[in-house]
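Here is the structure we will look at.
The values are calculated or read from the model by the stated rules, or taken from the named source; none is laboratory data. Predicted model, so just to flag it, every value in this text is computed and none were measured. Because the Cβ atoms are built from the backbone with ideal geometry, glycine has one as well, and the counts that use them run over all protein chains shown. All accessible areas refer to the heavy atoms of the entire protein, side chains included, with ligands and DNA or RNA removed. Shrake-Rupley method; radii C 1.70, N 1.55, O 1.52, S 1.80 Å.
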Amino acid sequence: HLAPSGAWAWRILSIGIPAAVQALIRTIGMMMFNGILARTADGASGVAALQVGVRAEAIAYMPGFGYSVAASALVGQNLGARRPDRAESAAWAAMWQAVGIMIVMACIFFVLAAPFAHLFTKDPLVTALAADYLRINAICEPFLAVAMVLTGALQGAGDTVWPTVITFVTMWVVRLPLGYLFATSMHLQSRGAWISMCLTVILSGILTLGFFRTGRWKRIKV
């Protein structure tokens, strides 16, 4: 029973490798996005504002992540029990609950953007840029909830390939070129970068929702 099994190794890698590639795509993409910010007129202040904004936004990100984990577990469990209908219902329930919470958080971010930013920095320029980040990205928080939870559901079904494709498209094909265009070519500086982030999060939510609705994840053999 201790002998290595090539078949099981491949089954594990076929799920794990795309998930690892997805994380790599996102990490390298954000590094390049930071590089775009550094080349704007805001320079280091823009890069610092991004870090402040992301950390403040993590307050909303945490419940979304929790619902994503719940969706992954419930979908996997119900598909294992051969109840795809119940797996789908669980995913939708988790998604709508996450959307509700993140809408509330989005309203808080929009109204209290400056006080939130001020908790992390005393630099007036960084505070202003981070507040701008929070107000713009508050618009896409519900779509972030959709993307996070349904990605968790797809991963629970054993589909890590399509979430990776969606991450590549939204990050490398859309966000980086759009961020460069808005921030530098159109001279919107940091605000252009924030707008490109918001638009690509919305796109990610729509693409993830669209693929989930196809139901192809119900037929995946893990």
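Check G179 against each of (1) closer than 30 Å to L74 by Cβ; (2) surrounded by 20 or more Cβ atoms within 10 Å (Cβ to Cβ) and name the one condition it does not meet.
Among (1) closer than 30 Å to L74 by Cβ; (2) surrounded by 20 or more Cβ atoms within 10 Å (Cβ to Cβ), G179 violates only (1).
What number goes with the only condition from (1) open to solvent by less than 30 Å² (accessible area, probe 1.4 Å); (2) part of a helix (DSSP H, G or I) that D159 does not pass?
The failed condition is (2).
Report yes if R11 is closer than 20 Å to S190 by Cα and basic (K, R), otherwise no. Spell out the reasoning first.
On the way: closer than 20 Å to S190 by Cα: no; basic (K, R): yes.
Criteria not met by R11.
Residues checked against (1) at pLDDT 95 or above; (2) assigned to a helix (DSSP H, G or I); (3) of a type outside the set (A, V, I, L, M, F, W, C):
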| residue | (1), (2), (3) |
| --- | --- |
| W10 | no, yes, no |
| L13 | no, yes, no |
| T40 | no, no, yes |
| S45 | no, yes, yes |
| F65 | no, yes, no |
| A71 | yes, yes, no |
| Q97 | yes, yes, yes |
| M105 | no, yes, no |
| F109 | no, yes, no |
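Output the residues belonging to segment 182-213 that are under 14 Å from the mean Cα position of the chain (by Cα) and either open to solvent by less than 40 Å² (accessible area, probe 1.4 Å) or among the polar types (S, T, N, Q) (or both). Reasoning before the result, please.
Taking segment 182-213 as the starting set, the residues that turn out to be under 14 Å from the mean Cα position of the chain (by Cα) are 196-209.
Correct list: S196, M197, C198, T200, V201, I202, S204, G205, T208.
Kindly provide the set of residues from segment 74-92 that are within 19 Å of the chain's Cα centre (by Cα) and either open to solvent by 60 Å² or more (accessible area, probe 1.4 Å) or without any contact (Cβ under 8 Å) to a residue 24 or more places away in the chain (or both), ordered by number. Lay out the reasoning, then the answer.
If we filter segment 74-92 for residues that are within 19 Å of the chain's Cα centre (by Cα), which is where we start, we get 91-92.
W92 - this is the single residue of segment 74-92 that is within 19 Å of the chain's Cα centre (by Cα) and either open to solvent by 60 Å² or more (accessible area, probe 1.4 Å) or without any contact (Cβ under 8 Å) to a residue 24 or more places away in the chain (or both).
Among the listed residues V173, V169, V165, V149, identify the single one that is in a helix (DSSP H, G or I), buried (at least 23 other Cβ atoms within 10 Å of the Cβ) and either touching a Leu at 6+ places or on another chain (Cβ under 6 Å) or of a type outside the set (S, T, Y) (or both).
V149 is the lone residue from the list that is in a helix (DSSP H, G or I), buried (at least 23 other Cβ atoms within 10 Å of the Cβ) and either touching a Leu at 6+ places or on another chain (Cβ under 6 Å) or of a type outside the set (S, T, Y) (or both).
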